[in-house]
Amino acid sequence: MKALFRTVLFTLPVLCASSLSAQWISFGLRGTGSIPTGSFAETNATASNAVLIDGAKNGFGFGADASVGVGMLGVYAGFDHVKFDCNTATCKTDGTYTLQGVTVGVKISPLTTRFRPFVKGGVTFNDLKGGYGGSSSNGLSTDKTPGYEVGAGVDLTMLGLVSVTPQVRYIGQNLKAKIPDVIAPTPATEQGVKYFSFDLGLSVHTPFGMR
């Protein structure tokens with residue numbers, strides 16, 4: 001027992017030092033399929049100033065990510081551009097909502113070689129644009145408001161430094177709609193814009209040490 005205890009005490013610092021020496025950087029592009037949820041997906045019979053951002057349908061878009069880390073812990077920055085279909089009175093006849101913004105956060109993944117599951121969470125800064133009342137001249141927009149995202153996925157390494165990266169994320173934020181000549185200058189009520197994102201990406205990671 002004493003010999004085992006001494007072995008563990010000797011091994012733990014070695015493993016910690018090895019993990020800390022594993023520095024890495026990665027860059028990736030991804031395609032995105034998104035499913036709105038909550039009030040963002042609800043369809044109201046008539047448009048009203050109380051509910052301006054609703055009726056969103058499934059969306060598609062693209063994004064990019066860059067990450068840097070040491071050992072299991074990393075930080076990342078991301079970009080998203082997603083178009084949601086919309087078929088309610090608050091949208092144009094052929095209306096869409098376009099959500100765009102950036103994210104910064106933390107990513108955690110174990111130090112394995114070919115199969116690296118990960119979890120991530122960050123702060124989003126997104127805005128939304130669309131049409132209102134069936135007219136292309138009525139432009140709905142919002143300020144960039146802080147929100148959040150949480151997600152999980154896996155990096156599947158292929159051909160050395162290249163990885164295929166499927167992931168799922170949940171993104172949420174409260175946004176205030178601004179519509180010229182429809183809403184007074186006083187701030188409108190915040191409305192939830194939340195959705196699930198299913199991503200498939202391709203990334204290149206550059207190891208320093210062992211990654």
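Relative to the present Cα-Cα distance, how much length would full extension add between Arg114 and Ile35 at 0.36 nm per residue of separation? Before the final figure, lay out each step's value.
Details: separation 79, 0.36 × 79 = 28.44 nm, distance 2.99 nm.
Result for the pair: 25.5 nm of gain on full extension.
Residues with beta-carbon under 15 Å from that of Tyr148, excluding Tyr148: net charge, scoring Lys, Arg +1 and Asp, Glu -1? Walk me through the numbers on the way to the answer.
Working: positive: Lys107, Lys120, Lys144, Arg169, Lys194; negative: Asp80, Glu149, Glu190.
Cβ neighbours under 15 Å give a net charge of +2.
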- Task: Within the set of other residues whose C-beta is less than 11 Å from the C-beta of Asn58, count the net charge using Lys and Arg as +1 and Asp and Glu as -1.
- Result: +1
- Message: Based only on other Cβ atoms within 10 Å, what is the fewest-to-most ordering of His205, His81?
- Response: His81, His205
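Between Val150 and Val68, what is 0.36 nm times their sequence separation minus the Cα-Cα distance? Round to one decimal in nm. Could the numbers behind the result be given before it?
Working: separation 82, 0.36 × 82 = 29.52 nm, distance 1.80 nm.
So the chain would gain 27.7 nm between Val150 and Val68.
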- FRET E, pair Glu190, Ala77, Förster distance 22 Å, beta-carbon r, rounded to 0.05: 0.30
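What's the FRET efficiency of Leu159 with Val106 using the Cβ-Cβ distance as r and R₀ = 30 Å, to the nearest 0.05?
Values: r = 28 Å, r/R0 = 0.93.
It comes out at approximately 0.60.
Every number in this text was worked out from the coordinates using simple rules, so none of it is lab data. Just so it is clear, the structure is predicted and the values come from calculations on it, not from any experiment. Every residue, glycine as well, gets a Cβ built from its backbone with ideal geometry; the counts of neighbours run over all protein chains shown.
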